[in-house]
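Engineer: Quick one: structure below, then a few questions.
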Amino acid sequence: MRQFQSFSTTIQSTLDSTTNASDHPSTSSHRRSAKITSNYEEPENFLEVDIQDPKTKFPHGDSNRGMYVDYLIVCRTNLPSFPKRFSQVRRRYSDFEFFKKCLFKELSLSNHPRVVIPSLPGKILLSSRFNDDVVEQRRDGLNKWLNSVAGHPLLQSGSKVLVRFMQDETFNG
């Protein structure tokens, strides 16, 4: 198996093996213009969000009363508005609902009331909400929703509610 090389080295190796001097009179200038000069680097500003590891919680011991699912939000960023470069917090669906309300309130008090916040994935029937397939479907929907919200440039740079939701252990709005 061939060992991985940096992106630019791999491209150059491919060009070297496919470019033939007889095919191109100016092979060396062709090679210079096609060569990628720098390796892949992290973008200047980035925010990566992933929702994973859904867990069913039983707050009353063996009783199903009060049962809920929470999700791990993993955040990796270098944005100046986020104090932590890496964070992991657990949130349940009702936290997402509260976050959305807090976000609307923050936006209405700021200069950005026209930022469109998409709808959360819908509620699930009580009888099936702890089914593995249903939990995974909701996790995927929440992941897409949060990435959509967190991907908005105005929210990335100016929403304190977004930062608290994604980085504080407990979310109080």
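What follows is calculated from the coordinates using simple rules that are stated; it is not laboratory data. Since the structure is predicted, the reported quantities are computational estimates derived from the model, not experimental observations. With ideal geometry, Cβ positions are generated from the backbone for all residues, glycine too; neighbour counts draw on all protein chains shown.
Engineer: Which order do the peptides 68-75, 45-52 take when ranked by the mean count of other beta-carbon atoms within 10 Å per residue, highest first?
Structural biologist: 68-75, 45-52
Engineer: Same structure again: Do the alpha carbons of any pairs in Lys55/Lys100; Lys57/Lys105; Lys57/Lys123 sit beyond 26 Å of each other, and which pairs?
Structural biologist: Lys57/Lys105, as the Cα separations exceed 26 Å there.
Engineer: What's the ranking of 159-171, 84-96 by average number of surrounding C-beta atoms within 10 Å, highest first?
Structural biologist: So the order, starting with the most tightly packed, is 159-171, 84-96.
Engineer: Can you give the extra length, in nm with one decimal, that the chain gains between Thr170 and Glu136 once fully stretched, where that is 0.36 nm per residue apart less the Cα-Cα distance?
Structural biologist: Computed gain between Thr170 and Glu136 is 9.9 nm.
Engineer: In addition: Return a whole-number percent for the relative contact order of region 83-173, with Cα pairs under 8 Å and 6 or more residues apart as the contact set. Please list the in-between numbers first.
Structural biologist: Details: 55 pairs, mean separation 39.0, N = 91.
Averaging sequence separation for qualifying contacts and normalising by length gives 43 percent for region 83-173.
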